[in-house]
Each structure stands twice: as structure tokens, then as C-alpha cells.
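Enquirer: Have a look at the structure that comes next, please.
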Amino acid sequence: MNSGIESDTVAVAPLSDDERGDLADSLKRCSEETRQAAFEFRESGKLSLLPTIILGIIERFLEPEIRPKLKEGDGSLKLIDDLGIDSLTMMEIVVLVEESLDLSIDNEELRDLRTLDDVRVFLDAKIRNIPLPEKNKHYGVEAILAAIPHHVPFLFLSEVSLGKNEAIGTYPISGLEEFLKGHFPENPVFPASIMLEALGQLAVFYLVTAQKSESGQSVNPKKILFTGCEAVRCQRICVPGETLTLSIKPKSIRHPIAKFEGKITVEGESAAWAEDISLTFDWSEATEA
Amino acid sequence: MSRVFVTGLGFICSIGNDEQTVVDHLRELKHGMELFPPLQVPESPVKLAAPVKDFDVESFDPEDWTYPKEYRLRREVLRSFSPHVMYAYCSMKQAIEQAGLEESDVSNPETGLYTASAGSSRFLHRSIDKMYKRGIMRCNPLNIVSSVAGTVSFNLVSNYQIQGASTGFASACASSGHALGFAFDEVKRGRQKRMFVVGAEDCNFDSIVPFAVMRALSLSTDPDSAARPFDKNRQGFVSSGGGVTMILESEEEVQRRGVTPYGEIVGWGQASDGYNVAISHPDGRGLQNAMLSALKDAQVTSEQIGYVNAHAPSTPIGDLSEVIAMKEVFNNGTSPMISSTKALTGHGLSLSSILESGICMLNYKNGFVPGSAHIEELMPEAESLNIIQTTQEEKPEYMMSNSSGFGGANTSLIFRSCQS
């Protein structure tokens, strides 16, 4: 593909000697790798250098004890909560990124940057001069109730964040769930079967909300059935007071079968995963049309 | 009305970065002047300064600075500092430790902080220059808070989590006198139970050289004789910088904490010359009135004052104005002991008043009064005053500290020994 070459690089203004000196001075506390990447970028415009430059600049502003976190490469790290970056430090980072990459960033553009991935995606789009990919949409419990046929007391989603290729839901275990009286008396443990049910509900929500047929038909919520699941593993007991973070990703969606993989964590700790959660579905409009 | 005691001191100045070193220099009349490296360039007519030792804060990037390791600071604290803020921060840390204050003593709504500094012209100039060269949005977002007058307050209030009264004073060389005076009032009136007072100034090419064109600086190259207040052949002052912190506490706090104060502040006064933007009134009118006002506030007579730490910076006009003013105030035939410790410390501008008030406190604690150094031939106008030229092993009950700044702003503070 000849477009491949174009999308790997962008046009950059070459550095004057003065600017080169200024940039070297500004980046003097970044790693050698970061400095080299920045200078190379200003010659070649090679986009593959961006992560090194951006992470290198962020690293330079972190307290030494926080820096190892960056090396783990977890893009979901939150700038404020996980890395301790306050708004002034954010401004310092922005100024140095602007100078290194030769671009200008508006205040409004910063508002939605919460994680390292947000920053990476934002700068990538910014420098390519393409629109930002759509951010996840958030749904509260009312929107969930309106979308899927499940209802209290058998609804195990309190909110959902819907991305391009995944859905993330949460469910706080209140302890008031009726079944916890028997599972088990004096020792409430959230049942593994209900965890699987919760993942199924999230998959239903995904199908109904995100899936469209080629001719634009949406999925009929009343015609979805849970048909099976290849493998389930539970790794942790979940109890009242904890919040389940559920996520599902579609593996294949071909009418009338949709398959998903699912995962549940509690505060980052794996609680359960499920392979090939299968649902059958049908389109809203009569298929014979 | 509460009595007001001095219970803590911190020194980062040309004659020492701890109390004992400062005391040793004062007792032995050892000065802090040197041929200051940044001034050893052909374009600078002035060669001497009295810089702080063991701090290298020349770089525009605080992360480059070197300083005694007990003050080690995180990047997010340092990033909004200019050089004198560093001195101020360290002096305050020293004073807090020395006074034995707990964190809760420092951070509460009844403990405030008054500061005195002219800001950092070096950092302000550099940041504005960079803004013109590289663009408005390509500057350090903390340029303003690190450089304008007020930067000492911004940084210390936030870092020490001060919750009480806070503001800064900008009356040039009288600034920290005003800061001390108003802080004294806060405690005396019971509005605050404790006040930190901090004076600080940069000491670098940009802070010193602009005074050369005013002909206010000594152009001498001899560190041992350049600063010679009250000498007939005085030629100007030697510039200094640093940071000094003084802790004032109410009588109730002193008793509650069971500490022994250095001394007591019993009153202060201020008055203005109403005369010239940069030259002191020939008769020292404002300083005279400031001293009289301080005596009245302290309810003591001029005969009771045993020692005056004079402002006398070693300038031809400034020293003479003060001599005339003192002759008017101490006019009953006996003069208190008088010396100017600027002969040893250099002139720290906003720093000077609190440094010299701190020296008075050290006098009480150590039982001596430092002489006025480097006088070869006393100015004839001062012959009727008791200008002491050597250290006196005496501890007068009452001492006075004078300061005068640009625009004819004058302050005078009066202290009392605690053993009386």
C-alpha cells in the first residue's frame, strides 16, 4: 500500500540552529533515547517515534519513585491518580511536548485527557491532523434499563462505558441481593453463575446498542438468547462492598450468532474470565423483508 | 494586648548558614565579602559582593542548583523557586526546627507569615526575554509565581501550609522592618498567636549591577575594607542576599510550649521622608520620626536604649542622614552603643532589617554587641555618638534596629532582653 508510507510520517519544519539549541536545553533532563527520538522526529517526521518522545517527556516530570510505573507500559494509567501529575505539571508537559513536536495544543483539548492512552491517541490524531477517534460513551442505569430486557432484581449492571470494540460495565455488590441470603447464610459470596450472567447482560447491551446490520437494522432486544459458553474460570471470591468491573469484547458477530470474551476484575485483581460467550440474536425489522 | 517574643531564627546569609557561624563572625568581626565571580567581567564596574556560601543558585533551572543536602527538595517544590526563595525556604526550615515547632504549630489559622523581598529581577527578566524570543505559549507556566515580588510568600505559604495572615512588603531596604513591625502588631493585638517573618533577596549579577549606575555601590576591590559604615571615606555599600526567618510568638504560646525566647519585641515605628525617590532626607527626618514613634510605642525613653544596630549602609549620604537623626533622638548627652553590621554582612536590601533584628537577638543570647568594623577614620559628624568599633561584651536591656529604604521609607524596632 503506497498510503502506508504517508501515514507513517508527517511533514515537519526543520529545526534552525537556534531552535535546536533551545530544544536540546529544554530536553536536557529527558533520557538520551527521548532526546534522540525528538531530534530524529524533527528531521524525519516518523510517527513511530511519538510514543518514545511523549513517554520520555512525561517521565521527566514524574517523581523518581513513580517512574517505574511508566515502564510497565499500561496505557490505562491515570495521569492524576496513578502518576500524581497536577494541572501545573500537565502544563509543563504540554509546553515541552509542543516545543518538541512543533504543535500547539488548546486548553479545551486537554480537558478529556485522563489516561496515558488518551494522551497517546490524542497526540497521534493531532499530529496527523485527523479527527480524534470517538471516545467511549457512558450509560447510566436508566439508559441500560431502556436498552435491554433485564430488570431489577435481575439486573447486574449499574453503568456501562461503550467503546468501539468493547463494553465495560460496573456492578457494585450491595449485599442486599436476595440470593446472598442463601449463598451463603452468614457468609455472602457473589455466585459465579451470576458473574457469567452479568457478562451476558453486558454482551446483550453491546449487541443492542452498538450492533447494526449491513442495511442499518438494529438488534431486537427481545430476540436475544444466551446459548452457551466454552470456558469459565473464577479466580477470586467477590463479596458485598466490592465493585465488579466487567468487560466484554466481541470475537465474531455473524447473524444469528454473536460470540464474546469476557473478564471481571475487582480493583484490578482478576476475578473471572469467560471464553466464547455465545448469544443468538435477530434484527429488529422482520428478516423476511 | 499580648507581649511578643522572638522564639526562632534561621539564617542563610553572607556570614553563615547557621546561627553559630553567624555568631562567630559577629563576635570576631569577620565579614562575608569577596570578589564575586559573576562580577569579574570587564563590563561590571563593581567587583565585590557578600554572597551566601555553599549554595550555587546561578542557573536558571532550579534543578541544576546545589545546596546543603539537609534541605533537599522535590522538583515540584523547586520549580516555582527563584534564588532568594531558596534562601528563604531554607532559613524558615532552620527556624522551625530551632524553635521546636510541631507541624500543627506551623499550619493553623492563628499562625501567619509576612515576607519581604523585591522579587527576582534575574528570573523575571529571563522569562520575559524568553517569551519574546520563543513565543508566549512556550514559556514555563510558573515564570510569574517564581519571579515577581511576592514569590517568597506564594512559595512559603503553600509549602509550609500556612493558614493564618499572609502578605508581602515592598518598601525596598525597609521591607523586612515593615514586615516585622506589622507582624508584631498581629501578635500583640491577639489576631495571630504566632508569625513567621521572612526577608530574602537574590544575590547575582542582575540584582547587584543595576545599583552601580546609581553610584550607590562601593567600587573597591578590597573585601576587607570596602564596606565601612561611619568611616569618613566610605564610598558605597557592598551588595548581599540571602534569607532570614524570625518567629514571633505570643506570651501564651511561649508559656504553653515552655520555650526560652531570644528576646522580646516591645515596639516599633515608621515614618517617611517625603523628600526624594532615592536619596534620604539630609537631616534624616523620616528616620528621626520613626525612632521617636518606636520609643513611644515601646514606652521607653531614648536614654534606656543601650545599643542601636544602625541602618548605615556605608553610603556617603545615607550614613550622614542617620547620624544626624540619631543625634537628634539621643540628645541628652549620652549615646547608646551604635554599630552597623553591614560592614560584615553587606547590604541585603529587603533582607537587611530582619537580619539586623536577628543579630540583636543573637546579642541577647550570647551577651555581646558587635562593633562597627572597618572604620579607619570616623566621620567627624559622628564623633559625639558612641560608635563602637570593637565587639563589646555587654548585654543592654533595650536595643534598637533602624532601616531606611527608597522613597524615604523608614522603620525602627525596639527589643528588650528577656532576663529583665
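Read-outs throughout are calculated quantities, based only on the coordinates presented, and are distinct from any laboratory measurement. Predicted model only: the values in this text are computed from it and were never measured. So basically every Cβ, Gly included, is an ideal-geometry build from the backbone, and we count neighbours across all protein chains shown.
Enquirer: Calculate, for residue A:32 and residue A:237, the FRET efficiency according to 1/(1 + (r/R0)^6) with r their C-beta to C-beta distance and R0 41 Å; round to the nearest 0.05.
Expert: 0.30
Enquirer: Let me ask something else about it. Sort B:71, B:132, B:262, B:114 by Cβ crowding within 10 Å, fewest neighbours at the top.
Expert: Neighbour counts put them in this order, fewest first: B:132, B:71, B:262, B:114.
Enquirer: State, as an integer percentage, the relative contact order of region A:137-280 based on alpha-carbon contacts under 8 Å between residues 6 or more apart. Kindly include the intermediate steps, with their values, before the conclusion.
Expert: On the way: 283 pairs, mean separation 35.4, N = 144.
Across region A:137-280, relative contact order equals 25 percent.
Enquirer: Step through the residues of region B:123-129 one at a time and calculate ³J(HN,Hα) from phi using the Karplus curve (6.51 cos²θ - 1.76 cosθ + 1.60, θ = phi - 60°), rounding each to whole Hz and writing x for Gly and Pro.
Expert: Result, rounded to whole Hz: 6, 5, 4, 4, 6, 5, 4.
Enquirer: Taking Rh as the Kirkwood radius computed over C-alpha pairs, what is the Stokes-Einstein D of region A:3-128 at 10 °C in a medium of viscosity 1.306 mPa s, expressed in µm² per second?
Expert: Once the numbers are plugged in, D ends up at 106 µm²/s.
Enquirer: Another question, then. At a Förster distance of 22 Å, what's the computed FRET efficiency of residue A:170 paired with residue A:124, Cβ-Cβ distance as r, to 0.05?
Expert: It comes out at approximately 0.20.
Enquirer: Can you tell me, using C-alpha contacts under 8 Å and at least 6 residues apart, the relative contact order of chain A as a whole percent?
Expert: That works out to 12 percent.
Enquirer: Any of A:46/B:130; A:181/A:249; A:212/A:263; B:30/B:188; A:71/B:130 with alpha carbons more than 26 Å apart? Name them for me.
Expert: Check vs 26 Å cut-off fails for A:46/B:130; A:181/A:249; B:30/B:188; A:71/B:130.
Enquirer: Kindly provide the helix-only [θ] at 222 nm of the protein assembly as shown, computed as the sum of -39,500 (n - 2.57) over DSSP H runs of four or more divided by all residues, to the nearest 500 deg cm²/dmol?
Expert: -10000 deg cm²/dmol, from helical runs alone.
Enquirer: Here's another thing I want to ask about it. If you rank A:254, A:233 by fewest surrounding Cβ atoms within 10 Å, what's the result?
Expert: Numbers: A:254 7, A:233 11.
Ordered from fewest to most neighbouring Cβ atoms within 10 Å, A:254, A:233 come out as A:254, A:233.
Enquirer: How long are the semi-axes of the equivalent ellipsoid of chain A, defined as square roots of 5 times the Cα gyration tensor eigenvalues? Whole Å, largest first. The partial results should precede the final answer.
Expert: Numbers: eigenvalues 386, 124, 45 Å².
Those come to 44, 25, 15 Å.
Enquirer: To continue, here is another question. Where in region A:240-257 does the label zone of residue A:189 land, with the point 7 angstrom along Cα→C-beta and an amide N cut-off under 20 Å?
Expert: Only A:240-245 pass the distance filter.
Enquirer: Then there is this: Using only Cα atoms, locate the centre of region A:225-254 and the centre of region B:210-238, then give the distance between them in Å, rounded to an integer.
Expert: Cα centroid to Cα centroid, the span is 82 Å.
Enquirer: Find how much the distance from residue B:44 to residue B:64 grows on full extension, using 0.36 nm per residue of separation minus their present alpha carbon separation; answer in nm with one decimal.
Expert: That works out to 4.7 nm of additional length.
Enquirer: Hey, another quick one. State, to one decimal in nm, how far the label point of residue A:270 lies from the label point of residue A:227, with both points 7 Å from Cα in the Cβ direction.
Expert: Reported label-point gap for residue A:270 and residue A:227 is 2.8 nm.
Enquirer: List the relative contact order of region B:4-416 as a percent without decimals, with contacts defined as Cα pairs under 8 Å and 6+ residues apart.
Expert: Numbers: 1090 pairs, mean separation 93.6, N = 413.
Result for region B:4-416 is 23 percent.
Enquirer: For chain B, what ratio Rg/Rh do Cα atoms give with a Kirkwood hydrodynamic radius?
Expert: Rg/Rh for chain B comes to 0.95.
Enquirer: Give me the compactness ratio for region B:1-150, meaning the Cα radius of gyration over 2.2 N^0.38 Å. Spell out each step's value before the answer.
Expert: Values: Rg = 18.0 Å, N = 150, 2.2 N^0.38 = 14.8 Å.
Normalised by 2.2 N^0.38 Å, the Cα Rg of region B:1-150 equals 1.22.
Enquirer: Kindly put B:412, B:335 in sequence by how many other C-beta atoms sit within 10 Å of each C-beta, fewest to most.
Expert: B:335, B:412
Enquirer: Label residue B:213 and residue A:25 with points 7 Å out from Cα along Cα→Cβ: what is the distance between them in nm?
Expert: The modelled label-to-label distance comes out at 2.3 nm.
Enquirer: Turning to a different aspect of this structure: What residue among B:239, B:127, B:146 shows peak mean-square fluctuation when chain B is described by a Gaussian network model with Cα springs under 10 Å?
Expert: B:127
Enquirer: Grab every C-alpha pair in region A:137-280, bin the distances at 10 angstrom width from 0 up to the longest one, and report whole percents.
Expert: 12, 44, 35, 9, 1, 0
Enquirer: When ranked by the protection proxy of mean other Cβ atoms within 10 Å per residue, highest first, what sequence do the peptides B:315-326, B:395-406, B:206-217 form?
Expert: Numbers: B:315-326: 23.0, B:395-406: 25.6, B:206-217: 17.3.
Output ranking for B:315-326, B:395-406, B:206-217: B:395-406, B:315-326, B:206-217.
Enquirer: May I pose another question? Please report, to one decimal in angstroms, the Kirkwood hydrodynamic radius of the protein assembly as shown built from all distinct Cα-Cα pairs. Let's see the in-between values first.
Expert: Numbers: mean 1/r = 0.0331 Å⁻¹.
One over the average 1/r among Cα pairs gives 30.3 Å for the protein assembly as shown.
Enquirer: In addition: How many percent of the alpha carbon pairs in region B:1-54 exceed a separation of 19 Å?
Expert: Here the tail beyond 19 Å accounts for 47 percent of pairs.
Enquirer: Compute the long axis of helix A:116-128 from its Cα atoms, compare it with the longest principal axis of the Cα atoms of chain A, and write down the angle in degrees, 0 to 90, nearest 10.
Expert: Helix A:116-128 sits at roughly 60 degrees to that axis.
Enquirer: Calculate the FRET efficiency for residue A:114 and residue B:77 from the Cβ-Cβ distance with a Förster distance of 22 Å, rounded to the nearest 0.05.
Expert: 0.30
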